[in-house]
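The values are calculated or read from the model by the stated rules, or taken from the named source; none is laboratory data. All values reported here derive from a predicted model rather than from experimental measurement. All Cβ positions, even for glycine, are placed from backbone atoms using ideal geometry, and neighbour counts span all protein chains on display.
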Amino acid sequence: MNGWVLPDEVLRGAPTYTPRPRELADLELLLSGAYAPLTGFLSRADLVAVTRRGRLADGTPWSAPVTLEVPVELTGKLDLTNPMRRVLVLTDTEAAPAAALDVTETWEARAGSVYISGQLRRLGEGPRGAFKKLRMGPAEVRDVLPSGRVLGVIADRPLHRPQLAQLAHAARTIAGHVLIIVPVGGPGPDGLPPEALVRSVLAARDRLPAATIVAVPLSRTGDDVRDALLHSRVAAAYGVTHLLSGAATITAGGLRVVLPRELAYDARDGQWRSRDDVPPHTRRLALTNREIADLQDRGVTLPEWHTPPAVARELRRSRPPRRERGLVVLFTGLSGAGKSTIARGVHEALLEGGDRNASLLDGDVVRRLLSSGLGFSRADRDLNITRIGFVAAEVARHGGLALCCPIAPYAHGRSEARKLAHEAGAGFILVHIATPLEVCEHRDRKGLYAKARAGEITNMTGVHDPYEIPTDAELTLDTAGTVDEAVATVLEYLTAEGWLEPTHR
Ligand code: ADP
């Protein structure tokens with residue numbers, strides 16, 4: 001980038017760092033030009049100006065704090081006064097170099113971390129990931145678009161008939177080419193994995209007007225206004241002149257917003273038309289996302305009047321009925337609460353039932369095999385859960401049912417495990433085995449409480465270390481009853497929620 005010389009030896013000696021997934025997605029958008037006019041992570045002056053005035057320091061409107069935050073220790077490896085010793089190599093999640101950052105500024109972000117900024121340069125081959133052919137940069141796309149108006153849509157959900165009809169109508173109205181931008185920077189609002197979203201959009205291809213489809217590493221920040229602004233920025237960089245978007249007033253980048261018309265299905269002739277033009281007795285409204293998800297969970301085929309069969313087939317593959325979908329069941333509770341005993345009982349019932357492949361990731365077994373070497377500090381406990389959550393999510397990714405029974409005392413670790421399962425397209429159920437400490441201590445199956453009271457163990461959960469009582473458990477069991485009763489309660493819950501065939505009795 002503008003004459004920045006980067007000798008090989010500087011690169012070879014440079015420290016490396018893997019940004020978090022959202023920062024990596026931002027990095028790709030910066031390098032590809034999708035965030036134009038931004039070419040790098042915000043400088044300190046830009047960040048201040050963006051936060052205060054929604055502008056960069058030079059006055060250019062820009063609203064999103066696109067920043068890179070690194071652990072403060074990393075700056076110890078850099079010497080900002082020496083151009084040969086201030087380059088940081090940013091690597092992707094597989095440790096392949098993605099960019100070099102000539103760090104010219106660092107400032108405090110939070111305790112323990114700093115923001116860094118400076119010039120960026122791409123290293124390596126460019127974007128990686130599935131659907132490489134669709135991952136075109138803005139310049140490449142602008143080159144292939146026909147001249148004239150371009151109607152853009154950010155397809156963060158599958159295209160059912162109402163969306164297809166809206167798109168066709170808008171394309172006719174503005175008489176332009178259609179550009180469909182599929183965000184692949186993270187799971188969509190429905191939790192659909194990015195590749196599944198791309199497949200579902202491709203499945204609707206025959207029903208689209210002449211359209212170009214691109215996969216762009218956009219992700220959601222959780223702030224709808226910020227996301228809408230960034231989306232319109234990126235769309236503008238890709239050559240969109242008119243953006244079809246329900247988020248009407250929110251736009252940046254100088255493009256026009258086209259509001260989607262509210263359509264209804266007319267049972268008289270099977271057409272989708274303006275809602276007001278369809279008499280109530282022949283009118284069917286588009287299904288809500290909740291209704292679609294419910295049908296999918298139960299394994300009911302999405303109705304043809306609403307969803308093209310090819311799209312429905314694709315969605316059934318990516319979100320199979322619950323009884324076939326992967327599932328992680330995480331049992332949490334104090335030592336001796338009964339997690340392993342109950343999980344074992346559930347596992348045996350599943351083996352007997354035979355319709356589910358289940359893996360039992362028992363706390364002690366996991367600690368011996370997967371997490372040997374880890375202790376019981378907060379960091380080690382979180383790492384233990386992360387590992388279990390990772391393996392469980394992989395089991396569930398392939399349609400399996402993973403039963404895990406670590407103590408999992410911290411809400412943070414539990415919610416990470418939930419996130420990993422969802423990212424794998426699987427379900428997650430937290431079962432809190434809420435046996436009181438006195439009961440666990442009285443049982444003292446492994447003699448751990450006695451040792452803890454005698455001072456031989458120093459971070460026993462419930463004695464020295466905290467146990468954060470879950471507020472998000474799908475199921476809470478006390479073990480006042482028998483083991484069989486507890487096992488039956490779990491099986492009944494799983495059956496009632498559709499995760500098991502109703503035969504496990
Ligand atoms: P954890 O895995 O939570 O550390 P374990 O399952 O290893 O706990 O131990 C729980 C102990 O409590 C076992 O000895 C089990 O027989 C006993 N227990 C008594 N009643 C119950 C119950 N209703 N559910 C589960 N365990 C029970």
Given the condition among the β-branched types (Val, Ile, Thr) and touching a residue at least 60 places away in the same chain (Cβ under 8 Å), answer yes or no: does some residue in the range 68-78 qualify?
no
Exactly one condition in (1) more than 16 Å from the ligand (Cβ to nearest atom); (2) buried (at least 21 other Cβ atoms within 10 Å of the Cβ); (3) in a loop (DSSP other than H, G, I, E, B) is not met by residue 393; state its number.
(3)
Considering the range 438-451 alone, what residues qualify as being of a type in the set (A, V, I, L, M) and either within 12 Å of the ligand (Cβ to nearest atom) or in a loop (DSSP other than H, G, I, E, B) (or both)?
439, 448
Being modelled with pLDDT of 95 or more and within 16 Å of the ligand (Cβ to nearest atom) is the requirement here; does residue 332 meet it?
yes
Across the range 36-58, what is the number of residues that are of a type in the set (Gly, Ala, Ser), in contact with a Ser or Thr (Cβ under 8 Å, 6 or more places away or on another chain) and either part of a helix (DSSP H, G or I) or free of Cβ contacts under 8 Å to residues at least 60 places away in the same chain (or both)?
2
Unmet criterion (only one of (1) surrounded by 16 or more Cβ atoms within 10 Å (Cβ to Cβ); (2) part of a loop (DSSP other than H, G, I, E, B); (3) over 30 Å from the mean Cα position of the chain (by Cα); (4) of a type outside the set (Val, Ile, Thr)) for residue 269
(1)
Within the range 343-363, take every residue that is within 12 Å of the ligand (Cβ to nearest atom) and small (Gly, Ala, Ser) and give me the one that is farthest from residue 479 (Cα to Cα).
363
Selection from the range 452-484 of residues farther than 15 Å from residue 432 by Cα, within 15 Å of the ligand (Cβ to nearest atom) and either assigned to a helix (DSSP H, G or I) or in contact with a strand residue (DSSP E or B) (Cβ under 8 Å, 6 or more places away or on another chain) (or both) yields 452, 484
One residue from 350, 374 being out of contact with any helix residue (DSSP H, G or I) (no Cβ under 6 Å at 6 or more places or on another chain), surrounded by 16 or more Cβ atoms within 10 Å (Cβ to Cβ) and among the hydrophobic types (A, V, I, L, M, F, W, C)
350
Please count how many residues of the range 217-228 are among the aliphatic types (A, V, I, L, M) and assigned to a helix (DSSP H, G or I).
2
Selection count where residues are closer than 21 Å to residue 149 by Cβ and in contact with a Leu (Cβ under 9 Å, 6 or more places away or on another chain), scope the range 208-232:
9
Residue that is of a type outside the set (Phe, Trp, Tyr) and more than 9 Å from the ligand (Cβ to nearest atom), where the choices are 318, 340
318
Among the residues of the range 490-503, what is the count of those that are within 16 Å of the ligand (Cβ to nearest atom) and not aromatic (Phe, Trp, Tyr)?
3
If you scan the range 5-21, which residues turn out to be buried (at least 16 other Cβ atoms within 10 Å of the Cβ) and in a helix (DSSP H, G or I)?
10
Out of all the residues in the range 248-259, is one or more in contact with a Ser or Thr (Cβ under 9 Å, 6 or more places away or on another chain), outside any strand (DSSP E or B) and among the polar types (S, T, N, Q)?
yes
In the range 407-430, is there at least one residue being assigned to a loop (DSSP other than H, G, I, E, B) and surrounded by fewer than 16 Cβ atoms within 10 Å (Cβ to Cβ)?
no
Restricting attention to the range 364-379, does a residue exist that is away from the ligand (no atom under 16 Å from the Cβ) and modelled with pLDDT of 95 or more?
no
Every residue from the range 436-484 that is surrounded by 15 or more Cβ atoms within 10 Å (Cβ to Cβ) and touching a Pro at 6+ places or on another chain (Cβ under 7 Å)
461, 465, 467
What number of residues within the range 396-417 are more than 16 Å from the ligand (Cβ to nearest atom), in contact (Cβ under 8 Å) with a residue 60 or more places away in the chain and of a type in the set (D, E, K, R)?
1
Restricting attention to the range 279-300, report how many residues are touching a helix residue (DSSP H, G or I) at 6+ places or on another chain (Cβ under 9 Å) and surrounded by 13 or more Cβ atoms within 10 Å (Cβ to Cβ).
7
Scan the range 114-140 residue by residue and report those that are in contact with a helix residue (DSSP H, G or I) (Cβ under 9 Å, 6 or more places away or on another chain) and of a type in the set (S, T, N, Q).
117
Looking at (1) away from the ligand (no atom under 14 Å from the Cβ); (2) crowded, with 17+ Cβ neighbours inside 10 Å; (3) more than 29 Å from the chain's Cα centre (by Cα); (4) under 29 Å from residue 325 (Cα atoms), which is the only condition residue 487 fails?
(1)
So which residues in the range 300-337 are under 19 Å from residue 203 (Cα atoms) and among the small types (Gly, Ala, Ser), if there are any at all?
310, 312, 318
